[in-house]
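S.K.: Below you'll find the structure I mean.
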Amino acid sequence: MIQIDERRTRGKTAVLPPDKLERVWAWGGASSGMCYVYRPTTTEGLQRVFELARQSGRSVGLKGGGNSYGDAFMNSENIVLDLARMTRILDWNPETGVIQVEPGVTIEKLWQYILGDGWWPPVVTGTMKTTIGGCAGMNVHGKNGWQAGPIGEHILAFDLMLPSGEIVTCSRSENSDVFHAAIGGFGMLGCFISLTLQMKRVYSGYLAVETAAPANLREMFELFHAHVDHTNYIVGWIDAIAKGDALGRGDAHLAYYLPPGADPNPQLSLSLEHQQIPDTIFGLIPKSAMWMFMRPFMNNVGTSLINTAKYVAGRVGSGKRYWQTHAAFHFLLDYIPNWKRSYGPGGLIQYQPFIPKENAQEAFGDILRTCQKHGLPNYLSVFKRHRPDDFLLTHGLDGFSLAMDFLITDGRKPEMVRLARELDAIVLAANGRFYFAKDSTLRPEVVQAYLGTETIQRFMALKQRCDPKEVLQTDLWRRLFR
Amino acid sequence: MFNRKRPLEPQPRAIVIGASSGIGAALTRKLVTEGYIVAALARRARQLQDVCAAANKNAAGRAIPYVHDVTAYETIPALFQQITQEIGGLDVIAYVAGVQLPVGLHEYNFAKDEAMVKVNMLGAIAWLNEAAQRFERAGTGHIIGVSSIAGDRGRIGSPVYNASKAGLNTYLEALRNRLTRQGVTVTTIKPGFVDTVMLENAPKTFWVISPDEAAAQIYRALRWRLQTVYVPLRWTLVGLALHHIPSFLFRRLSF
Ligand SMILES: Cc1cc2nc3c(=O)[nH]c(=O)nc-3n(C[C@H](O)[C@H](O)[C@H](O)COP(=O)(O)OP(=O)(O)OC[C@H]3O[C@@H](n4cnc5c(N)ncnc54)[C@H](O)[C@@H]3O)c2cc1C
Ligand SMILES: NC(=O)c1ccc[n+]([C@@H]2O[C@H](COP(=O)([O-])OP(=O)(O)OC[C@H]3O[C@@H](n4cnc5c(N)ncnc54)[C@H](OP(=O)(O)O)[C@@H]3O)[C@@H](O)[C@H]2O)c1
């Protein structure tokens, strides 16, 4: 028997302006929600949004650049507080490399601001459109995860606005429990309103890059084992369609910072103009149209062709050494605008498990085979090395991760859900972890299993302290923690 | 918790206004069977509660009762937002509420007339304006208005019921013309005779179908994104005929 709840039968007083309602898309475009979006530019503006949330009985979800693949910044039918307009650099010391920024400053703005002074962000994501607030919210990693750790390790302090409007300063010595939980706390404890980070000294605008083309998964692992001690960045690309002996074959890029004196003209290479990448690809296709050429290949047959061509080319060029600008090495994807549109209208999702090194080779072999068995091989898989860290909800561990992009169509959704469940079981059995920034498929029981009840209880206790009325919510929060 | 969402397992959401009996109750059952989360609205709490409880038995979706009188217009914008928040979204809105009061052939009773216009037309406008605004911004959505074949011509038996449904038809047509290019579908449902309490006031009836049959046909119109649908279909011919009877003849007919 359903009880009619009195509260449900009366309209609440505060109506939000319908013209604030917007469709907010997951970065991968496979899902969306209607949200009341506010874009303040000041902390007072931010406080007013929290006030409005109280009056209208709505929750608030925080959004940075919106680059999480799934529903991490989505708050359907409630308020989304978009921080992308809080973009001031508050302080920069070119002597020490310490910078203080507002949360909406992007990685793009950050590196462009500091490079001329001989600094580079210690951790960057595969796109430079992410914001520092969003990167801290997910505690992102780069292609140097096992060396530099996640970005949180380079955050010295931050100011966090709680939903009550109160502002707390956190660092390793002040409110350190909140410090270690808000970083990686996916916007559930408070809103970063300023963050202080330590940048990394560089002596050239170039990295020395080396390529390799492992013929299978075993060779890929051997390559990583052989090089982790002396490279600064390693990233592998796996052809997820290759089977049998070739399972796990791919490409790898290794990169090193140049020591002082190696670059004859660092002033030039550190200049902004020098970092930019040409406007056409192969000197022919304009970048902005590239996705249209990719579109016909975004199916199992097309990707198989491309992957084979890419592998053969990599094999031929294997062992090549060259210098590449930081921007080109890290953000190549950004130079093909709208590449995700090549996936078509159903969009894509990402699934990125993290597995301890002892179990990694076997588990990733299982994962690749399971995807193939379901007829859903992923079209782009990126392989990285990580290390553990001391943040509460960390995804980091002493092991490897494989970030897999899956094309989504209405017809593929049910099979994808089944596949994700099977993959979850493999990852859990291997003592692995997951990453909310990339998630669209997890369930509460899987999160409980990998985070552990005690960690979740500690996080909930902090949530109770920072946000007792549970004002901060997202679709992801309701999906996994409620 | 009806506002929980899984990105790859979308669950459609609907509002049905006038869900406590007849066609609206049947449509609520149908949508819940098809996996919808449905906010079911009407004045009679008990009936509404029973409809929802019955609909929810072994169903894929879920119906949630909201007691509401559509003539309390000023509460509608807030209630609309509250419902979309509580059910976690909105894909379909169906305005089914309607009243037909018995009117004598020589009776001119403003109180009755006003009551019919207020529910059949003004209530529809108050609710569907909210939905139109939202769907326009969403770039998708489906609006269903349950009108009546009685709106096709003005007849001797029930002038203001006819007028209220004609007004509803024109309003829905205008919404359709406004919203098609925004990706929104607007469907006008014109039932003939459906076996509900409303038939008690109808003098002669024929081709009567059950409310469940009517709901099934409305659901099909939803799936196929149809625009104007007579329920059952054979009324299309009657509608066609009605439209083409010239006024000088129509005046002489006694229905
Ligand atoms: C092409 C591409 C490549 C990527 N490569 C990598 C990679 O190499 N490594 C990696 O780790 N990730 C990677 N990602 C994922 C991405 O870096 C993360 O999702 C990151 O969090 C996105 O930052 P954002 O500014 O877009 O934040 P959003 O996605 O908008 O938000 C991320 C989270 O932070 C919260 N948040 C946002 N702003 C604040 C704030 N001011 N205070 C508190 N919480 C806040 C949000 O609520 C949300 O939970 C990649 C994504 C894409 C699309
Ligand atoms: N039955 C037919 O043959 C027929 C033919 C053509 C068109 N129609 C149309 O079909 C629709 C449904 O009618 P029905 O046959 O199913 O009759 P019904 O059983 O009387 O249903 C009418 C519904 O409207 C609701 N309603 C009436 N006044 C309301 C108000 N002020 N506020 C909120 N809800 C109100 C009623 O709920 P509460 O009383 O609980 O509020 C009830 O749920 C009507 O629009 C009618 O005009 C019916």
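Laboratory data are not the source of any read-out in this text; all were calculated from the coordinates shown. What you see is a predicted model, and the numbers here were worked out from it, not measured in a lab. A quick note on method: Cβ atoms are made from the backbone with ideal geometry, for glycine too, and the neighbour counts reach across all protein chains shown.
S.K.: Being in contact (Cβ under 8 Å) with a residue 60 or more places away in the chain and either more than 14 Å from chain B (Cβ to nearest Cβ) or over 19 Å from the mean Cα position of the chain (by Cα) (or both) is the filter here, so list the residues in the stretch A:430-464 that pass it.
M.R.: The answer is A:A430, A:N431, A:G432, A:R433, A:F434, A:Y435, A:T455, A:R458, A:F459, A:L462, A:K463.
S.K.: Same structure again: Would you be able to tell me the number of residues in the stretch B:137-152 that are part of a helix (DSSP H, G or I) and in contact with a Leu (Cβ under 6 Å, 6 or more places away or on another chain)?
M.R.: Qualifying residue count, the stretch B:137-152: 1.
S.K.: Quick check on A:G165: is it within 12 Å of ligand 1 (Cβ to nearest atom) and either part of a loop (DSSP other than H, G, I, E, B) or in contact (Cβ under 8 Å) with a residue 40 or more places away in the chain (or both)?
M.R.: No: the conditions fail for A:G165.
S.K.: Further question on the same structure: Restrict the check to the stretch A:104-122 and report whether at least one residue is within 7 Å of ligand 1 (Cβ to nearest atom) and touching a residue at least 24 places away in the same chain (Cβ under 8 Å). Don't jump to the end; show me each part of the working.
M.R.: Applying the first criterion (within 7 Å of ligand 1 (Cβ to nearest atom)) to the stretch A:104-122 yields none.
Looking for residues that are within 7 Å of ligand 1 (Cβ to nearest atom) and touching a residue at least 24 places away in the same chain (Cβ under 8 Å), one finds none in the stretch A:104-122, hence no.
S.K.: As an exercise: evaluate A:D159 against (1) more than 14 Å from ligand 1 (Cβ to nearest atom); (2) of a type in the set (D, E, K, R); (3) closer than 18 Å to A:K463 by Cα and give the number of the one condition it does not meet.
M.R.: Every condition holds for A:D159 apart from (1).
S.K.: Here are some residues: A:D424, A:D410. Which one is part of a loop (DSSP other than H, G, I, E, B), within 14 Å of chain B (Cβ to nearest Cβ) and among the charged types (D, E, K, R)?
M.R.: Just a single option satisfies the conditions, and that option is A:D410.
S.K.: Of all residues in the stretch B:56-72, how many are in contact (Cβ under 8 Å) with a residue 12 or more places away in the chain, more than 10 Å from chain A (Cβ to nearest Cβ) and over 18 Å from B:L128 (Cα atoms)?
M.R.: Of the residues in the stretch B:56-72, 3 are in contact (Cβ under 8 Å) with a residue 12 or more places away in the chain, more than 10 Å from chain A (Cβ to nearest Cβ) and over 18 Å from B:L128 (Cα atoms).
S.K.: Name every residue in the stretch A:170-202 that is of a type in the set (S, T, Y) and under 21 Å from A:T87 (Cβ atoms), in order of residue number.
M.R.: Listed by number, the residues that qualify are A:S194, A:T196.
S.K.: If I filter the stretch A:465-482 down to residues being of a type outside the set (S, T, N, Q) and assigned to a loop (DSSP other than H, G, I, E, B), which single residue comes out as nearest to the other protein chains (Cβ to nearest Cβ)?
M.R.: Of everything passing the filter in the stretch A:465-482, A:R482 is nearest to the other protein chains (Cβ to nearest Cβ).
S.K.: Quick one: in the stretch B:9-22, of everything that is crowded, with 19+ Cβ neighbours inside 10 Å, part of a loop (DSSP other than H, G, I, E, B) and not hydroxyl-bearing (S, T, Y), which residue is farthest from the other protein chains (Cβ to nearest Cβ)?
M.R.: B:G18
S.K.: Name the pairs whose Cβ atoms lie under 6 Å apart, with the first residue in the stretch A:379-391 and touching a residue at least 60 places away in the same chain (Cβ under 8 Å), the second surrounded by fewer than 24 Cβ atoms within 10 Å (Cβ to Cβ) and among the polar types (S, T, N, Q), and 6 or more positions between them or separate chains?
M.R.: From the stretch A:379-391, the pairs are A:Y379/A:T303.
S.K.: For residues that are within 7 Å of another protein chain (Cβ to nearest Cβ) and β-branched (V, I, T), scanning just the stretch B:73-90, find the one that is surrounded by the fewest Cβ atoms within 10 Å (Cβ to Cβ).
M.R.: B:T75
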